[in-house]
Ligand code: CUK
Ligand code: CUA
């Protein structure tokens with residue numbers, strides 16, 4: 001294959017380039033010369049040809065990757081692996097002007113506050129795209145914050161965080177933010193148990209009073225927001241719920257959640273007990289939680305709930321009695337929980353096991369419907385027989401975590417301890433596996449259209465925790481590493497390494513880029529991105545003004561290449577100032593910024609955007625304001641003065 005590739009590439013170059021020589025490595029030396037000089041193999045050149053994207057050409061897929069404790073989303077093009085954007089979600093970010101006085105402050109600091117505390121970071125794990133009929137629809141992206149138990153809604157028309165919902169029940173989440181196949185619900189499940197609602201109780205009461213929960217956030221597709229009043233939750237035992245997945249097609253109406261602490265270890269508690277590390281690893285089996293959410297909906301509708309911190313909760317006792325919640329054993333210290341594209345099976349990987357276990361959805365449904373249980377747990381939840389619930393198990397290596405799927409019936413499992421991606425046939429467990437080494441210690445794995453009912457195959461990405469020797473050493477805090485893997489051929493091949501230097505990605509989803517329907521400007525000019533409507537305070541040219549009402553000063557300002565109108569604002573120290581900014585632009589990429597020196601005020605003014613900033617002019621002096629985006633030849637001149645007269649002058 002390579003000689004023909006070489007010929008093709010050389011032929012393209014011969015018109016105006018010298019003949020390849022084997023000697024040295026300038027750009028004029030032709031492909032063979034460059035290969036020799038750079039020590040490239042045929043596979044390297046093939047990988048480059050598969051990923052290199054010439055200037056002006058667009059990527060076929062976009063990845064939305066969690067930014068881990070960076071609290072953001074990283075948007076990456078595939079196959080080029082070019083980073084396209086960071087979307088700030090749970091932390092302030094200056095480029096997007098998020099968290100520096102503008103309208104986004106309400107989302108970040110008000111909606112996002114927990115227990116009266118402003119949260120300025122998040123630990124994000126599982127981005128999930130909205131779905132219609134089990135396919136990504138390109139409308140919204142949801143994201144969980146493990147650290148502060150929150151869920152965010154990102155609008156994919158403008159890639160902005162539009163809502164943060166603070167979970168009022170649990171202190172920590174992990175299984176989220178997963179969507180049902182028509183995005184009726186965004187699901188968030190707890191991780192570390194605590195008394196629901198945030199009350200105090202000592203660790204001696206762990207079993208009696210600590211709990212987990214699964215929260216079903218109702219998504220209003222019309223408004224593009226979670227409707228908290230229509231949302232509800234299910235109380236769960238304190239078993240450290242882990243990953244979750246929503247059923248689809250054959251399993252629509254069901255949710256599956258792993259757990260890893262059925263021992264109910266609360267750590268050493270300073271009493272010589274084992275750390276959670278071993279305390280939570282005693283049992284050979286933990287419990288997969290099988291949730292019948294359609295039945296749960298009927299309990300909620302019938303008022304069989306208690307209200308905790310404003311949210312309706314189905315009690316653990318009711319959930320057990322009504323088989324809203326049923327358990328089945330899962331080996332050992334399970335982590336990933338991934339429903340197959342057809343919805344007929346759920347694959348679970350055990351961190352301390354060597355198998356991937358394939359649960360059969362139909363068998364589990366029948367066992368529950370027929371009341372065939374092998375016992376109850378301490379909380380009265382019925383347990384299914386493990387062997388009767390599974391199709392089988394496949395040995396995949398040490399420490400299987402997460403599984404994704406292609407279009408040919410193969411599963412791709414990330415195997416942490418072995419540092420491999422293992423391809424196996426989840427319908428024919430006898431078929432030999434293929435293991436590909438990755439660098440190093442893979443966590444999640446993502447596949448093209450992988451969580452839909454029709455994955456594309458083509459690519460998976462290994463999301464590795466360690467990069468070690470892969471990149472130039474940038475100090476002891478190393479980047480994580482994504483490896484793009486071509487799965488279109490008979491064997492898997494790593495074709496690109498991408499360092500991820502801002503947060504530790506956990507999960508990601510990869511969607512066809514042509515499913516996006518992104519805007520290039522807010523229309524009409526003066527549109528508030530958070531209401532989708534033209535602000536009543538937006539101005540047209542000629543309407544700019546400054547209005548004073550006692551100590552309240554309202555500035556109605558237009559923003560257009562290359563000036564702000566008005567460009568001089570004079571107030572008295574102690575005045576409350578509200579700036580109403582209207583971008584008059586509509587042209588592609590004609591973005592301005594607005595920052596006031598020394599006032600920590602900074603917003604981004606994309607074309608047509610309305611922004612609003614309220615602050616107290618508490619420091620007297622002369623403060624230039626200026627445009628932060630290099631928008632024109634006279635960008636530096638796009639400035640003005642904010643004058644604050646000292647008190648009593
Ligand atoms: S988790 Cu991090 S690698 Cu939060 Cu989905 Cu498995
Ligand atoms: Cu507007 Cu620079």
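Looking only at residues of the stretch 634-643 that are surrounded by fewer than 22 Cβ atoms within 10 Å (Cβ to Cβ) and part of a strand (DSSP E or B), we find that the one that is nearest to ligand 2 (Cβ to nearest atom) is 639.
For the stretch 617-633, taking the residues that are over 17 Å from residue 566 (Cα atoms) and loosely packed, with under 13 Cβ neighbours inside 10 Å, the one that is nearest to ligand 1 (Cβ to nearest atom) is identified as 630. Residue check: is residue 530 touching a helix residue (DSSP H, G or I) at 6+ places or on another chain (Cβ under 8 Å), assigned to a loop (DSSP other than H, G, I, E, B) and crowded, with 16+ Cβ neighbours inside 10 Å? It is true that residue 530 is touching a helix residue (DSSP H, G or I) at 6+ places or on another chain (Cβ under 8 Å), assigned to a loop (DSSP other than H, G, I, E, B) and crowded, with 16+ Cβ neighbours inside 10 Å. Can you pull out every residue in the stretch 581-613 that is over 28 Å from the mean Cα position of the chain (by Cα), away from ligand 2 (no atom under 12 Å from the Cβ), more than 17 Å from residue 94 (Cα to Cα) and surrounded by fewer than 22 Cβ atoms within 10 Å (Cβ to Cβ)? The answer is 586, 587. Within the stretch 345-364, is there a residue that is part of a loop (DSSP other than H, G, I, E, B) and more than 24 Å from residue 411 (Cβ to Cβ)? No: the stretch 345-364 contains no residue that is part of a loop (DSSP other than H, G, I, E, B) and more than 24 Å from residue 411 (Cβ to Cβ).
Those strands (runs of 3 or more DSSP E) of the stretch 228-341 in which 3 or more residues are surrounded by 24 or more Cβ atoms within 10 Å (Cβ to Cβ) occupy 241-246, 254-259, 286-292, 325-330, 334-339. The condition (being at pLDDT 95 or above, over 27 Å from residue 507 (Cβ atoms) and crowded, with 17+ Cβ neighbours inside 10 Å) is satisfied by just one residue among 61, 100, 86: 100.
When the stretch 398-415 is filtered for residues that are away from ligand 1 (no atom under 16 Å from the Cβ) and in a loop (DSSP other than H, G, I, E, B), the ones remaining, listed by number, are 406, 407, 408, 409. Selection of first residues in the stretch 629-644 that are free of Cβ contacts under 8 Å to residues at least 40 places away in the same chain and of second residues that are near ligand 2 (Cβ under 10 Å from one of its atoms) and in a loop (DSSP other than H, G, I, E, B), restricted to Cβ pairs under 7 Å at least 6 apart or on distinct chains, gives the following pairs, ordered by first then second residue: 629/591.
Just one of the listed residues (406, 451) is under 24 Å from residue 250 (Cβ atoms), buried (at least 24 other Cβ atoms within 10 Å of the Cβ) and at pLDDT 95 or above, namely 451. Taken over the stretch 473-497, residues that are over 20 Å from residue 441 (Cβ atoms) and part of a loop (DSSP other than H, G, I, E, B) amount to 5. Residue 557 meets the conditions (1) within 16 Å of ligand 2 (Cβ to nearest atom); (2) under 35 Å from the mean Cα position of the chain (by Cα) in every case but one. The failed one is (2).
The values are calculated or read from the model by the stated rules, or taken from the named source; none is laboratory data. In this text the structure is predicted, and so the values were computed from the model without any measurement. With ideal geometry, Cβ positions are generated from the backbone for all residues, glycine too; neighbour counts draw on all protein chains shown.
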